[in-house]
Amino acid sequence: MTGTIVNTCTILAGCVIGSIFKKGIKEEHQKALYTAMGLAATGLGINAIVQNMPNSRYPVLFIVSLALGSLFGTWLNIDGQFQKLTEKLSVGQLSKGLSTGILLFCIGTLSILGPVQSALYGDHTYLFTNATLDFVTSMVLASTYGIGMILTAGVLFCWQGIIYVIAMLLGNFMTPDMMTELSVVGGFLIASSGLSILNIKDCRTMNMLPSLVIPVLFCRVMDIFC
């Protein structure tokens, strides 16, 4: 879990630095960093799509996955329920900061596929890249919402740790085709997060999370019956 530990430590460091220099980071500088992170997230999402889509055996699967997953997530109101939960557990503006931080740190191709790559192939590239992005993001968030943002590090560690353990237990269950299709859908989700950060479109990425399950189920069914 080297990559996850590094990712967690960068968030801790970012939160501490951001809270110390809370008054030293001007609003325009914060906006500039947010814009940079939004562009980076969008670019990483597009890169994941471009790299994996040519290798996809089911070219329309990502469309079906995004459509059905978004409908199901909206029906469950995952985003709304998450907001209510953070409001109950937090006070004031910290609630907004925690929900934003957890979404940015945990949702996306890098944070979801990173532990899988680490567990199955010993490749920490995704997680090290994610750690760099999270360091800047956590610093900005902590400068706005305070040292309480350090709680997001624990959430990230548990999130990635669970994915890591599941990937280790599943072993050969995660086939190359499954990883490819999952990466395409995940690329769209991280790109949508970037658009939200840039205030171009609030895609409610949290409601789109079920989209990640559909490629896994579909590829598993195809492996069994084909």
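The values are calculated or read from the model by the stated rules, or taken from the named source; none is laboratory data. Being a predicted model, the structure only gives us computed values, none of them experimental. Note: ideal-geometry Cβ built from the backbone for every residue, glycine included; neighbour counts use all protein chains shown. The accessibility values were calculated without ligands, DNA or RNA, using every heavy atom of the protein model including side chains. Shrake-Rupley method; radii C 1.70, N 1.55, O 1.52, S 1.80 Å.
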*Which residue out of 169, 182, 212, 189 is of a type in the set (A, V, I, L, M), in a helix (DSSP H, G or I) and without any contact (Cβ under 8 Å) to a residue 12 or more places away in the chain?*
169
_Cβ-Cβ under 7 Å pairs, at least 6 apart or on other chains, segment 44-58 side touching a residue at least 60 places away in the same chain (Cβ under 8 Å) and loosely packed, with under 13 Cβ neighbours inside 10 Å, far side of a type in the set (Asp, Glu) and assigned to a helix (DSSP H, G or I)_ = 57/177
*If we keep just the residues of segment 131-182 that are open to solvent by 10 Å² or more (accessible area, probe 1.4 Å) and polar (S, T, N, Q), which is modelled with the lowest pLDDT?*
172
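Do we find that residue 8 is touching a residue at least 40 places away in the same chain (Cβ under 8 Å) and surrounded by 20 or more Cβ atoms within 10 Å (Cβ to Cβ) in this structure?
Details: touching a residue at least 40 places away in the same chain (Cβ under 8 Å): yes; surrounded by 20 or more Cβ atoms within 10 Å (Cβ to Cβ): yes.
Here the answer is yes, as residue 8 does meet what is asked.
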*Being open to solvent by less than 30 Å² (accessible area, probe 1.4 Å) and under 28 Å from residue 123 (Cα atoms), is that true of even one residue in segment 18-36?*
no
*Scan segment 105-119 for residues that are open to solvent by less than 10 Å² (accessible area, probe 1.4 Å), assigned to a helix (DSSP H, G or I), of a type outside the set (A, V, I, L, M, F, W, C) and modelled with pLDDT under 85 and jot them down.*
109
_In segment 188-208, the residues that are open to solvent by less than 40 Å² (accessible area, probe 1.4 Å) and modelled with pLDDT of 85 or more_ = 189, 191, 192, 207, 208
_Can you tell me how many residues within segment 27-45 are more than 11 Å from residue 140 (Cβ to Cβ) and of a type in the set (A, V, I, L, M)?_
4
